[in-house]
Amino acid sequence: MSGSEPPSTGRYGRGVAPPPTRRQIHAKAVSIAVASGAYAISYGAIAVATGLDVWQTQTLSLLMFTGASQFAFVGILGAGGGMVAAVLTALLLGARNGIYSMSLWPRLQLRGGRRLIGAQLAIDETTAMSIAHAEPVEDSRYAFWVTGLWLFALWNLGTLVGALGATVIGDPGTFGLDAATAAALLALLWPRLVDRQMWAITLAAAGVAIVLTPVLQPGVPVLAAAVVALVAGLLPTRMWVR
Amino acid sequence: MWIGILVASLGCYAEKFLGTVLPASVLENERIRRTLGLMPVALLAALVAVQTFGSGMSLALDARAAGLAAAIIALILRAPFLVVVIVAAVTAGGLRALGWAT
């Protein structure tokens with residue numbers, strides 16, 4: 001991306017790939033939304049297996065609409081954790097969406113109703129797409145909206161399919177759905193493990209949660225592990241560099 | 001249950017909306033940004049650990065650990081999300097059906 005480069009007729013000349021068309025952006029958005037829809041199927045199934053009814057499962061997808069928080073919420077309730085711990089963990093996981101909307105907003109510049117809807121769509125995938133197509137700004141906005149709307153539709157459709165499917169299956173324990181919850185959370189964590197610092201935080205947080213499990217109410221050890229992120233984030237940067 | 005669902009949902013929406021109201025200068029505080037960015041890593045790691053080895057207020061090594069190991073292999077092989085989840089569920093469910101693990 002060379003935003004400072006002055007526009008000239010030769011900008012997209014020989015050897016330089018033309019910018020992606022709207023059609024290409026749209027195709028990418030749909031493929032991301034389809035992948036998320038598949039993920040939502042497992043969320044819907046796990047949520048119902050945990051003891052939520054179909055309406056509650058669907059309400060979380062419509063209103064919360066942020067996968068990691070939704071999985072954490074039903075996971076903690078399923079593990080016998082208290083409602084307060086489940087709510088707090090969901091909120092801590094959702095805090096990053098605030099950073100997303102903060103960094104997206106100068107570009108989106110939305111007002112009124114669009115602002116209310118746009119805020120709900122500020123999640124990992126829409127942020128990534130909007131940044132990937134940062135220029136021109138119209139493409140960035142298009143990427144945000146097309147990804148967000150497709151994702152919202154398929155996320156909720158997938159949730160419904162998974163939730164209804166799980167009510168048909170019956171007893172979920174025999175199908176290993178408890179192991180599926182851990183695997184789903186791990187699959188969310190996996191792409192973030194890009195360097196040694198992330199691995200260190202992962203192992204430390206997992207260790208804290210394991211050690212505290214026998215002494216604290218279910219759900220609280222997970223919250224306690226947030227301290228690992230606090231300590232790592234507040235340490236001087238130079239400790240991590242090199 | 002409904003109260004918790006609505007509080008958590010509206011809270012998560014409020015976090016997103018807050019980002020549209022706060023000035024972008026808040027992000028210039030490197031430590032705040034870094035800490036919020038690291039939060040999902042720590043929480044997800046803790047959740048994976050507890051979901052795999054926790055059983056109420058005690059620890060257990062059972063079929064879920066085998067399921068997680070299978071999921072890790074699937075992730076290393078770059079399997080798509082749904083495959084990772086199904087592989088873990090089938091591994092754990094299969095071991096239980098065979099009576100090899102609880």
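The values are calculated or read from the model by the stated rules, or taken from the named source; none is laboratory data. Just so it is clear, the model here is predicted, and its values are computed rather than measured. Using ideal geometry, Cβ is built from the backbone for each residue, glycine included, and neighbour counts are taken over all protein chains shown. Please note that ligands, DNA and RNA were not included when accessible areas were found on the heavy atoms of the full protein model with its side chains. Shrake-Rupley method; radii C 1.70, N 1.55, O 1.52, S 1.80 Å.
The table below gives the values:
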{"item": "Cβ-Cβ under 6 Å pairs, at least 6 apart or on other chains, region A:88-108 side more than 11 Å from B:Cys12 (Cβ to Cβ), far side of a type in the set (D, E, K, R) and open to solvent by less than 40 Å² (accessible area, probe 1.4 Å)", "result": "A:Ser101/B:Lys16"}
{"item": "Test: residue in region A:101-109 that is more than 26 Å from B:Met39 (Cβ to Cβ) and not assigned by TED's automatic domain parsing to the domain that holds A:Val220", "result": "yes"}
{"item": "Conditions (1) open to solvent by less than 10 Å² (accessible area, probe 1.4 Å); (2) modelled with pLDDT under 90; (3) more than 26 Å from B:Met57 (Cα to Cα); (4) of a type outside the set (A, V, I, L, M); number of the one not met by A:Glu135", "result": "(1)"}
{"item": "Subset of region B:1-25 (residues that are surrounded by fewer than 16 Cβ atoms within 10 Å (Cβ to Cβ), more than 20 Å from A:Val74 (Cβ to Cβ) and within 7 Å of chain A (Cβ to nearest Cβ))", "result": "B:Leu22, B:Ala24"}
{"item": "Residue within region A:70-86 that is crowded, with 24+ Cβ neighbours inside 10 Å, under 22 Å from B:Val26 (Cβ atoms) and among the small types (Gly, Ala, Ser) present", "result": "no"}
{"item": "Qualifying residues in region A:106-119 (those that are open to solvent by 20 Å² or more (accessible area, probe 1.4 Å) and facing another protein chain (nearest Cβ under 7 Å)) - the one nearest to the chain's Cα centre (by Cα)", "result": "A:Arg115"}
{"item": "Meets criteria (over 24 Å from B:Arg34 (Cβ atoms) and within 7 Å of chain B (Cβ to nearest Cβ)) for A:Met83", "result": "yes"}
{"item": "Leading residue by the ranking (farthest from the other protein chains (Cβ to nearest Cβ)) among those in region B:47-59 that are farther than 16 Å from A:Leu223 by Cα, surrounded by 14 or more Cβ atoms within 10 Å (Cβ to Cβ) and out of contact with any Leu (no Cβ under 9 Å at 6 or more places or on another chain)", "result": "B:Ser55"}
{"item": "Only one of B:Leu44, B:Leu38 that is hydrophobic (A, V, I, L, M, F, W, C), touching a Gly at 6+ places or on another chain (Cβ under 8 Å) and at pLDDT 80 or above", "result": "B:Leu38"}
{"item": "Hits in region A:133-157 - residues which are free of Cβ contacts under 8 Å to residues at least 60 places away in the same chain, under 14 Å from A:Ala119 (Cα atoms) and not small (Gly, Ala, Ser)", "result": "A:Arg141, A:Phe144, A:Trp145, A:Leu149"}
{"item": "Which listed residue, of A:Leu203, A:Leu177, A:Leu223, A:Leu185, is under 27 Å from B:Leu38 (Cα atoms), open to solvent by 20 Å² or more (accessible area, probe 1.4 Å) and modelled with pLDDT under 95", "result": "A:Leu223"}
{"item": "Qualifying residue in region B:37-46 (condition: in contact with a Phe, Trp or Tyr (Cβ under 8 Å, 6 or more places away or on another chain) and facing chain A (nearest Cβ under 7 Å))", "result": "no"}
{"item": "Boolean, A:Ala33 is modelled with pLDDT under 85, in the same structural domain as A:Gly162 (by TED's automatic domain parsing) and within 30 Å of A:Ala179 (Cα to Cα)", "result": "no"}
{"item": "Selection from region B:64-102 of residues that are more than 18 Å from the chain's Cα centre (by Cα) and in a helix (DSSP H, G or I)", "result": "B:Val90, B:Thr91, B:Gly93, B:Gly94, B:Leu95, B:Arg96, B:Ala97"}
